[in-house]
1. Work out how much length Ile179 to Arg47 would gain on full extension: take 0.36 nm times their residue separation and subtract the Cα-Cα distance, in nm to one decimal.
2. Fully extended, how many nm does the chain gain between Gln57 and Asp91 (0.36 nm per residue separation, minus their Cα-Cα distance)?
3. Give the cross-link partners of Lys96 among the lysines, using a straight C-alpha distance below 26 Å as the criterion and excluding same-chain residues fewer than 8 apart.
4. Taking 7 Å along the Cα-to-C-beta vector as the label spot, tell me the Ser140-Asp32 distance in nanometres, rounded to one decimal.
5. Evaluate the charge dipole of the stretch 12-96 about its Cα centre and quote only its size in Debye, nearest 20, assuming +1 on the Cβ of each Lys and Arg and -1 on the Cβ of each Asp and Glu.
6. For a quick check of your reading of the filter: which GluC sites (Glu not before Pro) in the stretch 1-96 sit in a DSSP loop and have no more than 16 other Cβ atoms within 10 Å?
7. Give the peptides 9-15, 60-66 in descending order of average Cβ contacts within 10 Å, highest first.
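Just so you know, all these numbers are worked out from the coordinates, no wet-lab data involved. Note that this is a predicted model, so its numbers are computed, not measured. Don't worry about glycine lacking a Cβ; one is built from the backbone with ideal geometry, like all the others, and counts go over all protein chains shown.
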Amino acid sequence: MQASATAPTIDQTQLARRLKARDPIAMAELYDAYSRIVFGLILQMVRDRGAAEDLTQEAFLRVWNHIALFDETRGMLDTWLVCVARNRAIDYLRVKGRRVERQAVCLDDAPEPRSASAADEGSEQHDQRRVLAPALERLSPRQRVLLDMNFVDGLSHGEIARKVRQPLGTVKTLIRRAIKAMRLQLDTSATV
């Protein structure tokens, strides 16, 4: 997750240290900085405003309760927070049985990933899409479909592999390459 257009610039390393020291003000700062992003991500996945509000709170509570597990040498705090939130949403979808049908999909014939209109999005989510759209456009339709299944529909790599009838390793590699290409595009556009 890029902190550029959607979240204030904060020193994540210092914030993580303060959270580990159980500083409640640090938790408030984390919530203020990222609650809208987390809520938008969860809402997009579960498509239920009430559930998204609850899951957002649960994600931040989980970060607070498990901050000792966060290792700043392995990644950024905001990225870990988004992973926690995404996992909460996936757990919710699994419990509620809201999985996407398991019919086979041919990646080459799959429809383009859906995108909400700007009128349906909050301004922050619209800003995120504006930043990500050029990088997404540079991906192949196949890569976009896989990322959509993984990050929007909340399907695990195994579920995607079964759905597209591809080996798990192939799906993981394709998703990893798509994310790497997105990162490269975002890094390149940020330096220009």
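1. 45.1 nm
2. This chain segment gains 10.8 nm when fully extended.
3. Within the straight-line cut-off, Lys96 pairs with Lys163, Lys172.
4. Label-label distance for Ser140 and Asp32, simple model: 4.6 nm.
5. Rounded to the nearest 20 debye, it is 180 debye.
6. Glu72
7. The densest-packed peptide leads the list: 60-66, 9-15.
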